[in-house]
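For reference, the structure is listed below as structure tokens.
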Amino acid sequence: MEEWQFAFGVDANYVKYAGVMMTSIVLNHSGQPVCFHLACSGIDEADKVKLDEFTRLYRNTRIMIYDVRELLKSVPEIVAGPERMNKTVFLRILLPNFLPKELTKVIYLDADMLCIGRLDKLWQVELNNKAVAVSFYPKPCEHALRLHLKGEEYFNAGMMLMNLPIWRQQKLTKQVLEVYKKHGKDFVLLEQDTLNCILEGQVIEISPCFNHMLEAFNPLQAKILPEDAIIHFVNEGKPWIRYCADEIEQLYWSYVRRSLWFTMEPSEPWDVKTAFLAGQNAQGRGEYKAAAYYLGIAAHQLMEFFLEKTNQVTGGQNIEKTK
């Protein structure tokens, strides 16, 4: 049976979320040989132990760990890049050059995802001479218009089935880095914008169920989930944060409890929008003390924001109240 290949690029804080995603893949594909490639920007000793145990628990799995420091040595322009550049997001671009040469394809995944069914149809996609298979945003897409792409198609780079020989042959890593170096300051979505510019016309469109994007704190989006899908939890609200939508919380934590990261605790909302939505969801559950707490956090953060803006406008001077 052919071994499926999956790749992640994570920092130390996201290894556990990648571990939950890996668990969801294995639990939905009993007996399927799988190799996980993890490019890690730091990794805690406890997570190393869990990853070792993972391969012992699931006999059909292998895990390959790559040191990000070694990967970045080959691209000094990233190391010395602008401050807004998150080094880890570029790992999906670097990985094709460092994965074993005998591999012909790999499914790259963000760690803020969950597999909720079979992925046979995804792995069996015929790439032919195309660089990647991806899911597009609904058309027309404002991102395509913003980048002045020839068409209306724009894809999310959180899931890519990558054609490794084509990627290497066309030296796409080098192309992406060169375009980002020239135009990165204008790209709102960093390497995703860059990939869309470079790969326009070189991609195969696949079902959006393999990159089903939703906000974990939006109860309406959580009501209907596709079968045999990869759920992608976009924006700040993640399923491991307290008081996400009920359906998402139950689904995500059902996999957490079956993983080796079962002792993981929910995180607290940290930004205004997520705190506000957490308060609303708590209110919907009738947990009014928690609702008041999170809505209070959101209000406090908004007050601090507007006070700072006011100080910027007035130069720190008090504004005299008008009668």
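Just so you know, all these numbers are worked out from the coordinates, no wet-lab data involved. Here the structure is a predicted model, which is why all the values come from computation and not from measurement. Cβ atoms come from the backbone with ideal geometry, glycine included; neighbour counts cover every protein chain shown.
Please arrange GLU3, GLU152, GLU265 by how many other C-beta atoms lie within 10 Å of their C-beta, fewest to most.
By the 10 Å Cβ count, ascending: GLU265, GLU3, GLU152.
Hey, if you drop one equal point scatterer on each alpha-carbon of the chain and run the Debye formula without solvent, what base-10 log of I(q)/I(0) do you get at q = 0.10, 0.11, 0.13 Å⁻¹?
The Cα Debye sum returns log10 ratios of -0.64, -0.77, -1.06.
For helix 172-183, report the angle its Cα long axis makes with the longest principal axis of the Cα atoms of the chain; keep it between 0 and 90° and round to the nearest 10°.
The angle comes out near 30 degrees.
Tabulate in residue order the Karplus-calculated ³J(HN,Hα) for the range 135-142, using 6.51 cos²θ - 1.76 cosθ + 1.60 with θ = phi - 60°, rounded to whole Hz; enter x for Gly and Pro.
9, 8, 5, x, 9, x, 9, 4
Please find, in a Gaussian network model of the chain (springs between Cα atoms separated by less than 10 Å), the residue of LEU189, LEU164, LEU51 whose mean-square fluctuation is greatest.
The residue with the greatest mean-square fluctuation here is LEU189.
Describe numerically, in nm with one decimal, the distance between label points set 7 Å from Cα along Cα→Cβ at ASP67 and at THR263.
For ASP67 paired with THR263, the spin-label model returns 2.7 nm.
Could you check which residue among GLY158, GLY237, GLY286 shows the biggest mean-square fluctuation in a GNM of the chain with a 10 Å Cα cutoff?
Largest GNM mean-square fluctuation: GLY286.
For the Cα atoms of the chain, what angle does the longest principal axis make with the long axis of helix 15-27, in degrees from 0 to 90, nearest 10?
50
Mind jotting down a quarter of the surface of the convex hull over the alpha carbons of the range 98-202, in square nanometres, one decimal?
For the range 98-202, averaging the hull's shadow over all directions gives 7.6 nm².
Would you work out if the range 110-167 is rounded, prolate or oblate? Take a ≥ b ≥ c from the square roots of the eigenvalues of the alpha-carbon gyration tensor; rounded if a/c is under 1.5, else prolate when a/b is larger than b/c, oblate otherwise.
oblate
For LEU57 and ASN128, FRET efficiency with R0 = 35 Å and r from the beta-carbon atoms, rounded to 0.05?
0.40
Would you kindly derive the ³J(HN,Hα) couplings of the range 276-285 from the backbone phi angles with the Karplus curve 6.51 cos²θ - 1.76 cosθ + 1.60 (θ = phi - 60°), listing them in order in whole Hz, with x for Gly and Pro?
4, 5, 4, x, 5, 5, 5, 4, x, 8
What ranking do VAL49, VAL34, VAL15 get, fewest neighbouring Cβ atoms within 10 angstrom at the top?
Listing VAL49, VAL34, VAL15 from fewest to most nearby Cβ atoms yields VAL49, VAL34, VAL15.
Short version: ³J(HN,Hα) in whole Hz for each residue of the range 299-310, in order, from phi by Karplus 6.51 cos²θ - 1.76 cosθ + 1.60 (θ = phi - 60°), x for Gly and Pro, what are they?
Here the 3J(HN,Hα) series is 5, 5, 5, 5, 4, 4, 4, 6, 5, 5, 4, 5 Hz.
In degrees between 0 and 90, to the nearest 10, how far off the longest principal axis of the chain does helix 45-57 point, with axes built from Cα atoms?
Once rounded, one gets 50 degrees.
Using a Gaussian network for the chain with springs between C-alpha atoms less than 10 Å apart, which of these wobbles most: MET303, MET162, MET22?
Largest GNM mean-square fluctuation: MET303.
Considering amide H positions built from the backbone, and no H for Pro or chain starts, which residues 5 or more places from LYS105, or on another chain, come under 5 Å of its amide H?
The answer is LEU164.
Out of residues 5 or more away from VAL34 or on other chains, whose amide H comes under 5 Å of its own, with H placed 1.01 Å from N in the peptide plane?
HN-HN under 5 Å from VAL34: TRP4, THR61, ARG62.
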